[in-house]
Amino acid sequence: MSNADQHWTELQHGGWFSRIQRSEALARGLGRGLPAPVKRLIRMLFRPFYRLGKGLLRALIKAMPRAPSEQCDTLYDHWVREFDTLTDRDRELIRAHIDRLDYKPLISIIMPAYETPAWLLQQSIDSVRAQLYPFWELCVADDASPSPHVAEFLRCAAESDPRIKWIRRSTNGHISAASNSALALASGEFVALMDHDDLLPQHALYEVAACLNDNPSLDMIYSDEDQIDHKGRRMTPYFKTDWNATLILAHNMISHLGVYRRSLLERAGGFRQGLEGSQDYDVSLRCADSTTPDRIHHIPAILYHWRREYGVASFSESNLGRCSDAALQAVGEHLKRNGELATVAVDAKLPQWIRVRRAMPDPAPLVSLIVPTRDHAELLAMCADGILHRTDYPALELLIVDHQSVSPDTKRLFAQLQRDPRVRVLRFEGPFNYSAINNMAARAAKGSIIGLVNNDIDVINRDWLSEMVSIAVLPGVGAVGAKLLYPDGRLQHGGVVLGVGGVANHFNHGMCRHNAGYFGRNLLASDVSAVTGACLLVRKSVFDEVGGLNEKDLAVAFNDVDLCLKILAKGYRNVWTPHAELYHHESASRGAEDTPAKAARFRGEVDYMQRTWAAALARDRFYNDNLSVTMSDNFGLAFPARRQKPWMKQPTPKQTQQTAERSSAVNP
């Protein structure tokens, strides 16, 4: 469920809200360079007036007279009107861009049909025929519909447009067999999957062709999607991540619009009978196994409208249990093909989706958990007790790095803890430098896996470390992060999203522990760009390969994000798991950035990150350009959307010359 449809503004005037959102973002930007004490004073002085003004504005907007058509407008309705409705000028630019394309592949749209109401079939086919990109064919397989109108309609459609092919199956074989029959009609280099009652926006196939011109080697392409009701109203947008090898194990994030190189789809065996209801999920996993991640591309645009609430239940809606079993089978077989030992089951908290539990290596690898500390014996005692006595993991060592503690209580605690042979206390001298402290301990670590753990971390579930290790040992994985909660149960860390607040922030910050979040992102494991160093696991070989933490430029802040981005740059994946839960008393021992020296150091760290990782911070591939980068609005709609539409890009001089030459050839 999209939080766009749950937002308090869903019945408000979106134009007003977008202006407010822009103003808030501008105000935050203007204050970003101010010293921390000044910002706190400004907040203290203006917060009561801001809250009062916002409350009055809400009441005023609610009281504003509205036309009948606006009575139920949601924020997404306004977003669609502002950023996702083609104008005549857009169509003109798209047609001009199509003319300039060097590569114009034929795209075969395959559509299984069964007992489709005539008006739905009409609208679906009309949406294909309205495509601005003309190089397509529609391949429809009527799966022996009892009603004669389906075959009659398809016959007439094919007679009126030679790009439409159809076949009537002699027996009803269900969606996999019908999809294979439609695939057999296809002659295009690429195949797009479409249900018999859904809609494509006019620019859908153009967007596919445009990205194929940018990268002709692509094998799989998928887009964002939303739903549409019988009145044509769009809702529940799913703005997806780029290819996400972890998230796709929980649910079919490829889905619609899914486009496949036909030779790849045929080599993978087409659609398997027996997996009806999840046959497209199975196809996406088998095709992904037959290509490489760099040949799987995500288009961050709504290119498919999934029909909902029109009175005719789909196969998936009518056979939920069967579809769930098929999805479990598809994911389980995918893991086996990749040599990954795991159990697959319905997720206990999200029964429509999947939980993968990976097997632990035998023997379990030694994990070196590094905990920097300075006094605050009560925090360290809590953290150490959780690691040593409330963690079900057989092979760990605890490396406590003492940064010049002076408290007698702390020294007594060190002596007590070192009676356990798993504990070592290392001494670090000099100014506080989180990166240097952890690098020193990593060099002393005996484990093949190292863990960065803050001294204000407390264990919740005993299997937290087993869960993280089972992911960290996978060959393609770099850093692994945990789900960290404040003591009151609100989320502190759900993975790191780039670009928010200028550098990075936590996904779903402040969300209730058991809230599903945007399409399950608070409860489903996912690849992310970065995870917090408050609880981070990584193989020591990977840590050493990227040079560890940056001691010179990032002594305190963003060193964990920088580490994760270096890991990504080496081709590894970073993974966040919600199944390792711990409490985090954030900055309880270090305190706030509340002195001029600390503020200056922090500004320098921000500058370093923005210089070094500008491209990554501008676009987080595990977020979406259509979602907000406002600090308090993770997964809210972006006003405006940040994506540059391909038809708005200026043609290169070479493309302009080629267009002129083609025009001269046509009109000598």
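Just so it is clear, none of the values below were taken in a lab; they were calculated from the coordinates. If you're wondering where the values come from, they're calculated on a predicted model, not measured in any experiment. Every residue, glycine among them, receives a Cβ derived from its backbone with ideal geometry; neighbour counts consider all protein chains shown.
Among the listed pairs K483/K570; K336/K446; K349/K645; K411/K570; K349/K540, which have their C-alpha atoms separated by more than 30 angstrom in this model? Provide the component values of the computation, followed by the final result.
Numbers: K483/K570 25 Å; K336/K446 32 Å; K349/K645 37 Å; K411/K570 41 Å; K349/K540 33 Å.
Going by Cα-Cα distance, K336/K446; K349/K645; K411/K570; K349/K540 fall outside the 30 Å limit.
Just the Kirkwood number for the stretch 320-432, please: inverse of mean 1/r across all distinct Cα pairs, in Å, one decimal.
On the way: mean 1/r = 0.0571 Å⁻¹.
Final number for the Kirkwood radius of the stretch 320-432 is 17.5 Å.
Label 7 Å along Cα→Cβ of A151; the stretch 94-121 residues with amide nitrogen under 14 Å?
Under 14 Å, as judged by backbone N against the label point of A151, lie 114-115 of the stretch 94-121.
At 7 Å along the Cα-to-beta-carbon direction for both E82 and R490, put a label point, then send me their distance in nm to one decimal.
Once both label points are built, they end up 2.6 nm from each other.
With a Förster radius of 45 Å, plug the Cβ-Cβ distance of R100 and D392 into 1/(1 + (r/R0)^6) and report the FRET value to the nearest 0.05. Could the numbers behind the result be given before it?
Details: r = 61 Å, r/R0 = 1.35.
Between R100 and D392 the formula returns 0.15.
Return the long-range amide H neighbours of G188 (sequence gap of 5 or more, or a different chain), with a cut-off of under 5 Å between placed amide H atoms.
S108
List, in order, the whole-Hz ³J(HN,Hα) value for each residue of the stretch 610-625 obtained from phi through the Karplus relation with A = 6.51, B = -1.76, C = 1.60 and θ = phi - 60°; use x for Gly and Pro.
Karplus values, whole Hz, x for Gly and Pro: 5, 6, 7, 10, 4, 5, 5, 5, 6, 8, 7, 5, 9, 10, 7, 5.
In the stretch 363-441, what GluC sites (Glu not before Pro) fall in a loop by DSSP, with at most 12 other Cβ atoms inside 10 Å?
On the way: sites: E378, E397, E429; in loops: E429.
For GluC sites (Glu not before Pro) across the stretch 363-441 that sit outside H, G, I, E and B with at most 12 neighbouring Cβ atoms in 10 Å, the list reads E429.
Using the Kirkwood radius built from alpha carbon pairs, what does the Stokes-Einstein equation give as D for the stretch 367-618 at 4 °C and 1.567 mPa s, in µm² per second? All intermediate terms of the calculation are to be shown ahead of the outcome.
Details: Rh = 18.2 Å.
Rounded to a whole number, D works out at 71 µm²/s.
Which aspartates and glutamates does K104 reach when only Cα atoms under 17 Å apart count, and residues fewer than 8 places away in its own chain are ignored?
Reachable aspartates and glutamates: E137, E189, E207, D214, D219.
Over all directions, what mean area does the Cα convex hull of the stretch 247-312 project, stated in square nanometres? Let's see the in-between values first.
Numbers: hull surface 23.2 nm².
If I average the Cα hull's projected area over directions, I get 5.8 nm².
At Q123 and E545, where each label point lies 7 Å from the Cα along Cα→Cβ, what is the point-to-point distance in nanometres?
5.0 nm
Which residue, chosen from P134, H230, L199, occupies the Cα position most advanced towards the positive end of the dipole of the stretch 88-337, where the dipole is computed from +1 (Lys, Arg) and -1 (Asp, Glu) charges on Cβ about the Cα centre?
Positive-most Cα among the choices belongs to P134.
So for the pair L426, K649, with labels modelled 7 Å out along Cα→Cβ, what separation do we get in nm?
4.6 nm
Considering amide H positions built from the backbone, and no H for Pro or chain starts, which residues 5 or more places from W166, or on another chain, come under 5 Å of its amide H?
Counting only residues 5 or more places away or on other chains, the set is V140.
Considering the Cα trace of the stretch 88-337, what is its radius of gyration and what is Dmax, both in angstroms?
My reading of the Cα-based Rg and Dmax gives 17.1, 50 Å.
Dividing the alpha-carbon Rg of the stretch 486-529 by 2.2 N^0.38 Å yields what?
Values: Rg = 10.5 Å, N = 44, 2.2 N^0.38 = 9.3 Å.
Cα-based Rg divided by the globular estimate yields 1.13.
On a straight-distance basis, which aspartates and glutamates could pair with K566 in a cross-link, Cα separation under 20 angstrom, same-chain partners fewer than 8 positions away excluded?
D242, D294, D527, D544, E545, E551, D553, E605, D607, D620
Show the residues, 5+ positions off or on another chain, whose built amide H is closer than 5 Å to the amide H of G478.
Those lying under 5 Å, H to H, from G478 are R573, N574, V575.
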